[in-house]
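The values are calculated or read from the model by the stated rules, or taken from the named source; none is laboratory data. For clarity, every value in this text was computed on a predicted model and none was experimentally measured. No Cβ is skipped: glycine too gets one built from the backbone with ideal geometry, and neighbour counts run over all protein chains shown. Remember, those area values only see protein heavy atoms, side chains included, never the ligands or the DNA or RNA. Shrake-Rupley method; radii C 1.70, N 1.55, O 1.52, S 1.80 Å.
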Amino acid sequence: QVQLVESGGGLVQAGGSLRLSCAASGRTFSSYAMGWFRQAPGKEREIVAAISWSGGNTYYADSVKGRFTISRDNAKNTVYLQMNSLKPEDTAVYYCAAAPYAHVIVTMGWYDYWGQGTQVTVSS
């Protein structure tokens, strides 16, 4: 129904910035809430940020609040995660996900569609 492809990951020094993009295709993109998740080696997948289908409401994990910004451009069927002031503990595979709801979704199980993930590595 929805296909998601992440891009923008890479290697960056601590304090640097990256912008992840998630391009969506398939069903109407604007009908889905979107989220970014990450999974570091040996750790469980965790939510990073989420956004309602209108873009009017957002959620951020405490660990990234003030540093990361989620946004979406429904005309481009794309959601972004701007990551600033990156820390080594931000190193993880980052996944884009879509949920068939209008409001912000913070529960991982409610996301039906997932991208393949993109690696973000932050060096000390």
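So which residues in the range 110-124 are in contact with a Phe, Trp or Tyr (Cβ under 9 Å, 6 or more places away or on another chain), surrounded by fewer than 15 Cβ atoms within 10 Å (Cβ to Cβ) and part of a strand (DSSP E or B), if there are any at all? If the condition is that a residue be in contact with a Phe, Trp or Tyr (Cβ under 9 Å, 6 or more places away or on another chain), surrounded by fewer than 15 Cβ atoms within 10 Å (Cβ to Cβ) and part of a strand (DSSP E or B), then Gln119 is the only one that fits. Total residues in the range 47-59 satisfying the condition of being at pLDDT 95 or above and loosely packed, with under 14 Cβ neighbours inside 10 Å: the figure is 1. Scan the range 10-17 and give yes if some residue there is surrounded by 14 or more Cβ atoms within 10 Å (Cβ to Cβ), outside any loop (DSSP other than H, G, I, E, B) and free of Cβ contacts under 8 Å to residues at least 60 places away in the same chain, otherwise no. Within the range 10-17 (the criterion being surrounded by 14 or more Cβ atoms within 10 Å (Cβ to Cβ), outside any loop (DSSP other than H, G, I, E, B) and free of Cβ contacts under 8 Å to residues at least 60 places away in the same chain), the answer is no, since none of the residues qualifies.
Residues that are within 11 Å of the chain's Cα centre (by Cα) and open to solvent by 60 Å² or more (accessible area, probe 1.4 Å): does the range 60-75 have at least one?
Yes, some residue in the range 60-75 is within 11 Å of the chain's Cα centre (by Cα) and open to solvent by 60 Å² or more (accessible area, probe 1.4 Å).
Taking first residues from the range 61-78 that are closer than 18 Å to Arg45 by Cα and partners that are among the acidic types (Asp, Glu), the Cβ contacts under 9 Å between residues at least 6 apart in sequence or on separate chains come to Ala61/Glu46; Ser63/Glu46; Ser63/Glu89; Ser63/Asp90; Val64/Asp90; Phe68/Asp90.
In the range 76-109, the residue that is least open to solvent (accessible area, probe 1.4 Å) out of those that are under 11 Å from Trp36 (Cβ atoms) and of a type outside the set (A, V, I, L, M, F, W, C) is Tyr94.
Please indicate, with yes or no, whether at least one residue in the range 20-30 is closer than 22 Å to Ser124 by Cα and surrounded by 13 or more Cβ atoms within 10 Å (Cβ to Cβ).
In the first step, residues of the range 20-30 are kept if they are closer than 22 Å to Ser124 by Cα; the result is 20.
If we keep only those that are surrounded by 13 or more Cβ atoms within 10 Å (Cβ to Cβ) as well, we get 20.
Yes, the range 20-30 has at least one match.
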